[in-house]
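Data block below; observations after.
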Amino acid sequence: NLVLTSEGYTEAEMPLFRAQCTSLLRLLYFTAPFSDFRCTFNVFALEVSSAQSGIKDPFVCGDGTRGTGASPATFFDASMCGDGDIRRIVSFDTGLARNRISGFIPEWNAILLLVNSSLKGATAYDDVAVAVVSTELGWEYTALHEFGHVFGLADEYTYDAGPLIDGGRTYPAAAAFA
């Protein structure tokens, strides 16, 4: 049971959220390995409206990038620079999201929070089966990537700097494969 949930969408923007859910499902259902298991997915869209549209965008992030300073009032309190260091890391109140969704769909297996923002950002919290993605241009592919982490898949690209620890598993640096 996959639950797609809105964040940073006002009530008036819910038609956009529904259209984005449809767009994601088209890609999901025709992309391996998800396409092979299409009949095993139950997908729900949970509309949760926010008082204001968008995502928090701190003026300065630890990586030196600068944002707008926007601080909209959103239901799950989503923010860019969620880890304090990297702008593209999106954080939100995962406990509130899990509790809210459990109140409507108690048997969920994975949550994907769609954040109404043109800023590029995403994160997977595979330890709690929750992922988040902003809806910037091309976001559907980022959503598939993060969704893969929720199911325990590692990144599909190599790491040059050293081993990667992802979901409790350790993967060697690219040099180890040479």
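The values are calculated or read from the model by the stated rules, or taken from the named source; none is laboratory data. Treat the numbers as computed from the prediction; the structure is a model and nothing was measured. Virtual Cβ from ideal backbone geometry, glycine too; neighbours counted across all protein chains shown. Heads up: the accessible areas ignore ligands, DNA and RNA and are worked out on the full protein's heavy atoms, side chains in. Shrake-Rupley method; radii C 1.70, N 1.55, O 1.52, S 1.80 Å.
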Exercise for review: Go through the residues of segment 126-149 one by one and say whether even a single one is open to solvent by less than 40 Å² (accessible area, probe 1.4 Å), aliphatic (A, V, I, L, M) and in a helix (DSSP H, G or I).
Suggested key: yes
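Conditions (1) over 17 Å from Asn1 (Cα atoms); (2) out of contact with any Ser or Thr (no Cβ under 8 Å at 6 or more places or on another chain), marked per residue:
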position: Ser35; (1), (2): no, yes
position: Asn42; (1), (2): no, yes
position: Gly67; (1), (2): yes, yes
position: Leu96; (1), (2): yes, yes
position: Leu113; (1), (2): no, no
position: Ser118; (1), (2): yes, no
position: Gly121; (1), (2): yes, no
position: Gly138; (1), (2): yes, yes
Check your understanding: In segment 68-119, which residues are part of a loop (DSSP other than H, G, I, E, B), surrounded by fewer than 19 Cβ atoms within 10 Å (Cβ to Cβ) and touching a Phe, Trp or Tyr at 6+ places or on another chain (Cβ under 8 Å)?
Key -> Thr68, Gly69, Asp77, Asp93, Ile105
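Give me a count of the residues in segment 51-69 that are under 21 Å from Met14 (Cα atoms) and in contact with a strand residue (DSSP E or B) (Cβ under 7 Å, 6 or more places away or on another chain).
The qualifying residues number 2.
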Check your understanding: Of everything in segment 3-47 that's β-branched (Val, Ile, Thr) and at pLDDT 95 or above, which residue is surrounded by the fewest Cβ atoms within 10 Å (Cβ to Cβ)?
Key -> Thr22
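Go through the residues of segment 105-119 one by one and say whether even a single one is of a type in the set (A, V, I, L, M, F, W, C) and without any contact (Cβ under 8 Å) to a residue 60 or more places away in the chain.
So the first thing to find is which residues in segment 105-119 are of a type in the set (A, V, I, L, M, F, W, C), and the list is 105, 108, 110-115, 119.
Filter once more, so that each one left must be without any contact (Cβ under 8 Å) to a residue 60 or more places away in the chain: none.
No, the conditions are met nowhere in segment 105-119.
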Exercise for review: Have a look at Gly64, Gly95, Gly69, Gly54 and point out the one that is out of contact with any helix residue (DSSP H, G or I) (no Cβ under 7 Å at 6 or more places or on another chain), without any contact (Cβ under 8 Å) to a residue 60 or more places away in the chain and closer than 19 Å to Glu136 by Cβ.
Suggested key: Gly69
